[in-house]
Amino acid sequence: MLILLNHIIPLPYFSHYWYNASMPKKFLNAIPHKFTPDEERLLTKALEFATRAHQGQKRKSGEDYIIHPTAAAIILGKIFPDTKALVAALLHDVPEDTQITLDEIKKEFGEEIAQMIDGVTKLGQVRLRGSKDKFYVENLRKLFIATSKDIRVILVKLADRLHNMQTIAYIPPEKQVKVATETLEMYAPIAARLGIGSWKDELEDLSFKIVYPKEYDQTKLLLESELQKRGTNIKESQKLLEHILRTEGIKFLQVSGRIKRIYSLYNKFKRYHNDLSKIYDIVAFRITAKTTGDCYSALGAIHKHFQPLPGRIKDYIATPKPNGYQSIHTTVFDKDGKTLEIQIRTELMHEEAERGVAAHWFYEEEGKPDSSERVQAEWIKELSAWQDLADNPEEYLESLKIDFFSDRIFVFTPKGDIKDLPAGATVIDFAFAVHSDLGYHMMGAKINGKMASIFDELEQENVIEIIKSKKPVKISRDWLKAAKTHGARNRIRHYLNENDKGIIQRVRELKLKDLSLPRFFRKK
Ligand code: MN
């Protein structure tokens, strides 16, 4: 069915060159969601509109241009089948690359969709630059403003970037490096921040290969040889796990094996100073179950049959990661004494790990009509908090980099509370993150039960115990050098300032009392 469009472009002729009657059906079938007839009509209209607007344009691959917005919309639809967002995805390149203006889109599709498309166009102007100049910072700000107005804009832009990365082979090599660097530095961290694991993984691996080809090849080789060396027979272990769960009468949905993503392995490898023996999750098994209770039962059954590795049980169900990730992780020794990492989660937790904010928002919206506004409001709050971090752009960029764009590490208090700190954080940062009083009274620390220096850098999943003194301790300037977080640095600076005042005061008092000082030194 072809809906006749208005005056914008007169129909020159019916030709499959720009329109193929099976296109809308194929498009709708590619998205695993049941649309209402009205929604289907709107999507069909958008697809035809975009097809006509891009008529005659080709991609670098030689395909008709319409392939690109259609593919981006399908990528988006798999995690977030919101009709208006899909329309925006289909039309996202129209104002920039064709004769048709945003006003014309507004007339045809309404204000809300036109605004989304405008946001996507603006995000496209945000480019990663080598320098930290003001223009760059200003653009980054616009990016977040646009985002905080409507989170769907950034979802469309991420889907657009993902398809561009999937087809990056067709553009010239120098341009590939530029696009991939920007993807690795800007887009993948945003996907991670939004908790969209499936997009983050793909964006990272596609761009890693281009930005660091040598490291990519090395890591890949290492992964392959390590898999061979460990002799990990995924199918066999999977069957064994299934067998154990079944004989123990545990309700579960699926046991699957996964091999660690190359970029994530590369990062972990760097973090553990190239010590591969410390990386337990090169192969991990994933058990999905219906309820949280079933997850804990599964954990019990696994530990009954396999000895768990001490200190490797992580309950992200009770204490989710800051981006919302939930799962129980454990590492066990199998019958041959090899280590196996097992992740246990509900189906819903799995969905959320793959789809992040998109899963949350969409499914809540379906159930409760008002909650999308609530979720949106939370994002506005969080994103504008990013903007309030500093008044001056350089500092703002710095804080963005430190707090959101660099790697995070997760460490624990002895009670199992999780603390989220930037990579490179020290015991000092940890103490002040728990409580400022703890920082001011810290005289030593234990990491994983062993005595450590308060200046030691923390590693992923360390358990840190702070040894307290009864009285506040003397804090030296060295603390400031070792502290990485704003919170710790501010508190140490505050202490040092107060302390300086105190010393000046004491020196004055001393001078008054010390009569042995030459007369002219005594305070009158
Ligand atoms: Mn595009």
Go through (1) at pLDDT below 95; (2) within 16 Å of the ligand (Cβ to nearest atom) and name the single condition residue 52 misses.
-> (2)
Give just the number: which of (1) in a helix (DSSP H, G or I); (2) among the hydroxyl-bearing types (Ser, Thr, Tyr); (3) modelled with pLDDT under 95 does residue 61 not satisfy?
-> (1)
At negative phi, open to solvent by 50 Å² or more (accessible area, probe 1.4 Å), at pLDDT below 95 and assigned to a helix (DSSP H, G or I) - does that describe any residue in segment 1-18?
-> no
Could you list, in sequence order, the residues of segment 440-464 that are open to solvent by less than 50 Å² (accessible area, probe 1.4 Å) and under 27 Å from residue 270 (Cβ atoms)?
-> 445, 447, 452, 453, 454, 458, 460, 461, 462, 464
Flag for residue 70 being among the hydroxyl-bearing types (Ser, Thr, Tyr), in contact with a Leu (Cβ under 8 Å, 6 or more places away or on another chain) and within 13 Å of the ligand (Cβ to nearest atom) = yes
Of all the residues that make up segment 339-353, how many are in a helix (DSSP H, G or I), in contact with a helix residue (DSSP H, G or I) (Cβ under 7 Å, 6 or more places away or on another chain) and open to solvent by less than 40 Å² (accessible area, probe 1.4 Å)?
-> 1
Among (1) touching a residue at least 40 places away in the same chain (Cβ under 8 Å); (2) assigned to a loop (DSSP other than H, G, I, E, B) - the single one residue 299 does not satisfy | (2)
Tally, over segment 418-439, of residues that are among the charged types (D, E, K, R) and buried (at least 16 other Cβ atoms within 10 Å of the Cβ) | 2
If we keep just the residues of segment 156-182 that are modelled with pLDDT under 90 and under 17 Å from the mean Cα position of the chain (by Cα), which is farthest from residue 122 (Cα to Cα)?
-> 181
Which of the residues that make up segment 274-289 are in contact with a Phe, Trp or Tyr (Cβ under 8 Å, 6 or more places away or on another chain), open to solvent by 10 Å² or more (accessible area, probe 1.4 Å) and at pLDDT 90 or above?
-> 288
Can you pull out the residues in segment 451-473 that are modelled with pLDDT of 90 or more, among the charged types (D, E, K, R) and farther than 16 Å from residue 437 by Cα?
-> 456, 457
Check off (1) under 27 Å from the mean Cα position of the chain (by Cα); (2) more than 18 Å from residue 244 (Cβ to Cβ) for residue 331 and give me the number that stays unchecked.
-> (2)
Got a number for residues in segment 321-338 being in contact with a Ser or Thr (Cβ under 8 Å, 6 or more places away or on another chain) and open to solvent by less than 40 Å² (accessible area, probe 1.4 Å)?
-> 3
Just for segment 77-99: of the residues that are within 12 Å of the ligand (Cβ to nearest atom) and surrounded by 23 or more Cβ atoms within 10 Å (Cβ to Cβ), which one is nearest to residue 162 (Cα to Cα)?
-> 89
Members of segment 232-271 that are assigned to a loop (DSSP other than H, G, I, E, B), surrounded by 15 or more Cβ atoms within 10 Å (Cβ to Cβ) and aliphatic (A, V, I, L, M) | 250
Among the residues of segment 477-489, which ones are surrounded by fewer than 16 Cβ atoms within 10 Å (Cβ to Cβ) and either within 16 Å of residue 445 (Cβ to Cβ) or in contact with a helix residue (DSSP H, G or I) (Cβ under 8 Å, 6 or more places away or on another chain) (or both)?
-> 477, 478, 480, 487
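The values are calculated or read from the model by the stated rules, or taken from the named source; none is laboratory data. What you see is a predicted model, and the numbers here were worked out from it, not measured in a lab. Using ideal geometry, Cβ is built from the backbone for each residue, glycine included, and neighbour counts are taken over all protein chains shown. The accessibility values were calculated without ligands, DNA or RNA, using every heavy atom of the protein model including side chains. Shrake-Rupley method; radii C 1.70, N 1.55, O 1.52, S 1.80 Å.
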